[in-house]
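See below for the structure under consideration.
Throughout, read-outs are computed from the coordinates displayed, never taken from laboratory work. These numbers come from a predicted model, not from an experiment. Here the Cβ positions follow ideal geometry from the backbone for every residue, glycine too, while neighbour counts run over all protein chains shown.
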Amino acid sequence: MSAVLDSVHFFARAKRPQRIIIAYGDHVRTFTIRPWLIAALGGAALVFGFLYLCATGYLVFHDDLLGASISRQARMQRAYEDRIATLRSDLDRVTSRQLLNQQAVESEMNRIASRQSALDARQDSIAALSQAVRSAGVPVGLPAAAAADSQEAAPDAANTPASDSEDTDPQTTGAVAPVQASVVSPLSFNLPLRLPGAAAPSPSSPSAGLASVDASLDKLARDQTAYVDSVAFNVSERADKIARILTQLGQRVPPSHTPASADIGGPLVDIDDNADPGTFRSSVDLIAGEVDRFGVIRRMATQLPLSRPFADAMITSGFGARLDPFLGRPALHTGVDFRAAAGSPARATAGGTVIIAGYTGGYGNMVEIDHGNGITTRYGHLSEIDVTVGQVVAKDAIIGHTGSTGRSTGPHLHYEVRVDGAPIDPMTFINAGHNIASLL
């Protein structure tokens, strides 16, 4: 109990100001210290002690902290350098790939331009062949499939100005449409970088545009080859068929470049669709020779009397031996008699020059026309003659009108065909005309 009272007494006294007396010699000084000042000095002492301890700890552990900080900074720097190196490597790879893509596009453009020039040169050969085909009168065009491909290969053909020549063949003449610079500009490549796993290039990319142009050139090359093949097949086949018929009529026709009697052979190797212009021109020149041969043969056929003087007239007396209508004994009938009403127009069965036009014995009023190559035709028993000697007449021209003059029992037309002056059965030529008609 006494200890508690002592503590109370101490705190009671501590709240009172404390006086400090300092005496030295004759001098005495007195200081009064307040309780709060004591508390402030004590707190300051505590703060100083804490700071002293922190400073001492920092000095003790300074090297370890600095080393850890430096190590952390080094790791961060290495990470940044690795990241920068990776980005630089990616950038170099992207740049190299873009350069390679640009070089590839430029190389592809050069290839396409060279191919286009070759097709242009081939097209010149086809244009000349087309002119020869039309001059020869060969009804040849592109096959249906090739023509459809040609329309796709040249979608802008409808916008191309028309030629001044009426002979222009849109399927076989003209130049190849040039590759426009707008397809891809060599000065402004905007190639989309395609990294592994990325999507395919868009249809508007340069590679897609060049692929489309290349496909169009493929179709054009196939069209060119198909046209030449079509001309070759049609011309050769037609020429050979007409030549055989004309040979049977005693005509001398130009021989084929590859006669059937020749001892030739070898494996079949088609001309490549992408053959160079020189090789392509050699094949076109070969076909052009056949076209010229067909033209000669066709002109020979058109100059022959291969048609009837009357389209639907009945034959009343054929060529050859018969009983003479006046004497009743066997005699040679040198022509064919066609029933026709008096005054019906008689037409020339082929073009030629009139060499006889007048009354000629048993023929009565007769017209004879020279068609060349020793072939002539005679038209007898005419009631009227409408041509004169020396006059040049065309096929189907009216040379007179039917009647019954000369040795005749009634109105009809006596029609003869002569070769080198000898009478030939006109039906031989007429039947040949039926066979040739579809080939001309």
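If we sort 94-104, 221-231 on the protection proxy, mean other Cβ atoms within 10 Å, highest first, what's the order?
On the way: 94-104: 13.0, 221-231: 21.5.
Output ranking for 94-104, 221-231: 221-231, 94-104.
Relative contact order of region 315-437, taken over Cα pairs closer than 8 Å and 6 or more residues apart, is 28 percent.
How big is the Rg/Rh ratio for region 315-437, C-alpha atoms only, Rh by Kirkwood, two decimals?
Values: Rg = 13.7 Å, Rh = 14.5 Å.
With Rh from the inverse mean 1/r over Cα pairs, Rg/Rh is 0.95.
With +1 on each Lys and Arg Cβ and -1 on each Asp and Glu Cβ, and nothing else charged, work out how big the dipole of region 315-437 is about its Cα centre, in Debye to the nearest 20.
Using Cβ point charges on Lys, Arg, Asp and Glu, region 315-437 gives about 240 debye.
As a rough footprinting exposure proxy, the listed residues GLU416, GLU108 were ranked by other beta carbons within 10 Å of their own, and the order from fewest upward is GLU108, GLU416. Among residues other than ILE297 with Cβ under 13 Å from its Cβ, the summed charge is +3 (Lys and Arg +1, Asp and Glu -1). Working from the Cα coordinates of region 65-138, the gyration tensor eigenvalues give, after taking √(5λ), semi-axes of 70, 6, 4 Å in decreasing order.
Note on VAL47 and ILE21: with the Förster distance fixed at 35 Å, the Cβ-Cβ geometry gives a FRET efficiency of about 0.70.
If neighbour count is taken as other Cβ atoms inside 10 Å, put THR32, THR302 in order from fewest to most.
THR32, THR302
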